[in-house]
1. Just to be sure I understand, how many residues within segment 354-371 are modelled with pLDDT of 90 or more and of a type in the set (A, V, I, L, M)?
2. Which one of L846, L872, L825 is at pLDDT below 85, in contact with a Ser or Thr (Cβ under 7 Å, 6 or more places away or on another chain) and outside the structural domain of T178 (by TED's automatic domain parsing)?
3. Check whether at least one residue in segment 420-433 is modelled with pLDDT under 90, surrounded by fewer than 18 Cβ atoms within 10 Å (Cβ to Cβ), in contact with a Lys or Arg (Cβ under 7 Å, 6 or more places away or on another chain) and farther than 13 Å from F308 by Cα, and report yes or no.
4. Residues to consider are N488, N525; find the one that is more than 30 Å from E762 (Cα to Cα) and either at pLDDT 90 or above or surrounded by fewer than 19 Cβ atoms within 10 Å (Cβ to Cβ) (or both).
5. Tell me, please, whether a residue that is out of contact with any Lys or Arg (no Cβ under 6 Å at 6 or more places or on another chain), among the small types (G, A, S) and assigned to a strand (DSSP E or B) can be found in segment 251-265.
6. Of all the residues that make up segment 775-802, how many are under 13 Å from I850 (Cβ atoms), of a type in the set (S, T, N, Q) and within 24 Å of the chain's Cα centre (by Cα)?
7. Scan segment 402-419 for residues that are surrounded by fewer than 18 Cβ atoms within 10 Å (Cβ to Cβ) and either out of contact with any strand residue (DSSP E or B) (no Cβ under 8 Å at 6 or more places or on another chain) or at pLDDT 90 or above (or both) and report the count.
Amino acid sequence: MTTNVLSADSCPATNNNAPTSVLMWLDPTVNNVENSDAQKKLATIYTSFKKFQSVEDCEDAIRQLTGLSRVILIVSGGYGKDLVPRIHDLQQVSSIYVFCLQQEKYIELAKQYDKIKAIIVDLNVLTSIIESDYEQRMNEKNPSLINIPDINPKTDNNVGAFQHTFKHLVNAGELQYTEISMKDIATNVVSRFLRDPGRDFNAFVLETLQPIMYLLKREQNLTDFTGPLKRLLAKEKKIPCAVSQRFLIDTMMINSDRFLCRCLVSLLSKCNPIPMIQPPIDSKNNKYRSIPNIIHIWDYQRPILLSFGIGRFKGKTSLINAVFESNFEQSMKDKYFYQTIDVDFGYNFVQRRPVNIADTHGELSNETLNEISMIFNGFLVHVESTYLCSNVSKVIDYVKLASNKSYVLLLIRDVEDENDEDIQSATKAIHYACSNCQIQFLPNVSDKSTDENKEKVGDLREKICRDSVSFQCLNENSIREYLEKLMNVTEKTTIEQDKAFINRIRPILINGNKDDYPLYSLYINMCKTRLEVVKIDSYGKDFQNDKLYKLNNELFKADSEFKRQLQLGPHQYGSGFRLFLELLDSQESRLAYLNLLSMELKREREKQTMNREGVPFYEQLSLEIHWRNAIIGSPYLSDAKQQILVDAYRDYIVAGNPFEIVDGDNFEMQGDFLKKVFRLLPNKKFFVISVIGPQNSGKSTLLNFLFGTLFEARDGRCTKGMYGTLVNIQNKVSKDKLVALNYDCILVIDTEGLLSVQKTDEPYDKKLILFCLAVSHLVIVNVDGEIIEPVKKCVVLCTQALQYLGETRVRRPTVHFVLNKRFHLNEEYCKSLVECVQKTLTENNLNNEINLKTENFHVLSQAFNYKPFINLNGECKVSSTVEAFVTNVQKLCQHFIDISSDVIRETGDIFCVPNNWIVFANRVLQTIKKHPDLTYFQEVFERNQYNKIREDIRNDFDQYLSPAVARFLLEKEKQNDSDHIKQSFKIEYNRMLRLLEDKLKEHCDNHEATDNIRTRSLKFMEVQMISIFRSWEVSAVMNSERCKRDEIVTEIDSKLRQKANSITHKNCLLDRQAASKMFELEFDNLVAQIKDRFK
């Protein structure tokens, strides 16, 4: 029996050259009621959806399809065992999903047939995976719509053209390359292309873009992928054009939207040369193209030289790469290497290179050189010696064009004899025509490996670096002006729009002052005071009650001022608040605007050379500060404005941007706002991975390589507090790659570095560790080579503190140690380091608090190699990614995915729901802040000692400060005044303190307490005693006053009765007026006596 389910509304754009996808579901119970909702959902995904209850009918339907059709088959376990062996190798069968009740029964079947993508037991998971699979196919389905220059160029902005968006960058390659190297990826891509009978070049190019984006996110050199790719295609002649890195980058840019283009250029600049001038897009238009987004990442602070050659010769680019430690692509016989220019800004240098370099491919025309010359600070002109001697006038023409700059260095190549008559004649003519042209002779240096040539290259590098000191740098506005002249009308308009936007927001959002942020100023003042209060340890040796009282008063005032400002409404929150909200109003442009703002803020920060710690917030504005300012003011926004803000933050998070979980400046979490944001992610579950480790140990770098996140990675305090990023894992499987994961995404948490030189706050470090252990399913402890004692101690202490957080935490989080930056990968030694941590946990009965197994460690080499580079002003090194690090990190990523489902089962999935997680994470943070004891102790045994001594103190209190003692003291002082009571209780307090101090000393000696615990226990006892005696003193005063009051009432009653009796017994008659006067006088006298007694 066959059933067709069609949905015209979901019909994708047709393409005669693209395979047609058909979804089939084979199951004897496929038409049961419980499957109806899933069928409706699947019918909206696939236009062609067929259901079968018979194996024979399904097999016949598959075999009848043409070779262009692709079947996605859902099959029950029992039917799958029968059908899969017969149809697995058919070309039209693309993917198979086994839907069953017991996964383990069909794992062996799936291992035999690689088209089985997953074994699924949950109907919701099944529909989710099918939907994700469909989206991936749609991204690849119409490769002919991709615009490839000069093959099928874009003639207009037609909506049918394939467009990459930021979402493609975020998802590119994630969790797909975990067990394969870039070389293998290139091999597979080329193999699929060569095996394809149709040799679909568009599909091939489109497939190459994903690994390129994957590498760019990790700020890697693209030659790791493009190098093997080009070598594999070198002998292939039946392809439409040469495949070069420049060509692939250009194709990626042409097929990306405006926002993504800007992001790609920024990422490209980190470790690769950036195309500045590209060839015409098609044969009908011979206009060379500039790359407009280069204006956003141009290094306006350093001089830049343009290297170009006159005449034909080999080795120009390789020489430039050797001199400047750049990686310009070697020229090929292709239009991409004819009058085109790349720029290397050296952003991969540690302590930046003093001069930047641009390299020209092919011989520049005089017109092009004249057009671009004003952008550069000088020129390196290459010419081969024999060519120079026969073309002196041509060389002079080029040098004259370049001589409007103060620096021109003519490199005469392959010189055998500098004193040759023709060479000397040519150089004299050049000097005569261009007096500022310097000349350097170079022998044949094509072999850069010889000592002699290395010395020649080093001498040339040293000369250029020395000369760079005198280079005249253009100001930023002039460079921008010249760059804009290279753009076409559309590009200029776009750049002008960007410039207008930046100019509009610059005075407030980039260079604002305190008056622009009145609400935020009050907020940070309140938070600062609150942190001061929290830092005061009531049981610490430096505790001062007066100081705490003063700070509490200041906190009350700061909190009142903040709330008062908040209640005034958004119009009083400052221009910074209002302008940032305006930026978020446009749903289509908000991410692009935020990206522009973020780039400009980082540029401003990079201009600052001084230490930024302790600087006012308005002098170090960041995107995080703007988000915070908007969030804290959101409660008094209108419902519509609140929704815009919540939607904007949701879009920002979903786009893959890091978002703030704990504010490192104020140690606050915007829990209520984040709850609203995560409510917009319904039916989602996530797996929480956090990383902790010392500052500069490479935590952010590790996460970026593991998951393609975009955490900022640099020396110093690059992360403040905690940031999270959502990594989509839909359609991914674990372990043997057959069992579907039971969550939708990973929440990756990056944390501030421990043992920070700038912060030097051990309790703060412990709070970070404890928070991560309490809220994460998996905690990565990333250390620089060794598990140093301070890190080990903090981890153990915080594991102990977990016991005191109660039930609101992740149960038994899994902990893995990553030993990073190791020169020698001695696994046995590293294993012994982890075993040492395990031993300490076991000795203190903490081994059940976290899941730390012997095998929970991973050894990694350095992420980067550093090669020294001459710099006259100090140390300078160029970094490059270590291939072994990349390979091992990819394997580590797969390992974490493989164990994730087991970890969730052990820790419980209640905290996998985003909204639940936000609520309990905020609760954990507030608990940690309120209880300093959680992060106070220096050693594990100290907490145990302290707990025992506190119990002894309580027992002493029960004996010496019992309720009976209290009653005795109250009775004793009931006839005394308050001054006497205070003095009496002070004496009793001192007597009792001496007694209990002796007792405490005995307890401390019995428990062999450390000096730290002795001091803290004494302070604890004193604080408790002060509290007890103060309450007793207050009670005694109240009791005394009550007794006096009772006596006075009794006395007044007695005297008034006596007066009344005396008058009555005299048998005298008084009129009303006389009686009133007499008794009122008596009453006034009694009142006066009472006042005297209460003075």
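1. Residues flagged as modelled with pLDDT of 90 or more and of a type in the set (A, V, I, L, M) within segment 354-371 amount to 3.
2. Values: L846 fails: at pLDDT below 85; L872 fails: in contact with a Ser or Thr (Cβ under 7 Å, 6 or more places away or on another chain).
Result: L825 is the single residue among L846, L872, L825 that is at pLDDT below 85, in contact with a Ser or Thr (Cβ under 7 Å, 6 or more places away or on another chain) and outside the structural domain of T178 (by TED's automatic domain parsing).
3. yes
4. Values: N525 fails: more than 30 Å from E762 (Cα to Cα).
Answer to the selection: N488.
5. Step one: list which residues in segment 251-265 are out of contact with any Lys or Arg (no Cβ under 6 Å at 6 or more places or on another chain), which gives 251-265.
Filter once more, keeping what is among the small types (G, A, S): 256.
Those still in the list that are assigned to a strand (DSSP E or B) too: 256.
Scanning segment 251-265, I find at least one residue that is out of contact with any Lys or Arg (no Cβ under 6 Å at 6 or more places or on another chain), among the small types (G, A, S) and assigned to a strand (DSSP E or B), so the answer is yes.
6. Looking only at that region, the number is 1.
7. Residues meeting the conditions: 4.
Yes/no matrix, rows are residues, columns are (1) aromatic (F, W, Y); (2) under 30 Å from S879 (Cβ atoms); (3) at pLDDT 90 or above; (4) surrounded by 17 or more Cβ atoms within 10 Å (Cβ to Cβ):
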{"site": "D784", "(1), (2), (3), (4)": "no, yes, no, yes"}
{"site": "I787", "(1), (2), (3), (4)": "no, yes, no, yes"}
{"site": "E807", "(1), (2), (3), (4)": "no, no, no, no"}
{"site": "P813", "(1), (2), (3), (4)": "no, no, yes, yes"}
{"site": "C830", "(1), (2), (3), (4)": "no, yes, no, yes"}
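The values are calculated or read from the model by the stated rules, or taken from the named source; none is laboratory data. Quick caveat: nothing in here was measured; it's all calculated off a predicted structure. Glycine also receives a Cβ, built like all others from the backbone with ideal geometry; neighbour counts cover every protein chain displayed.
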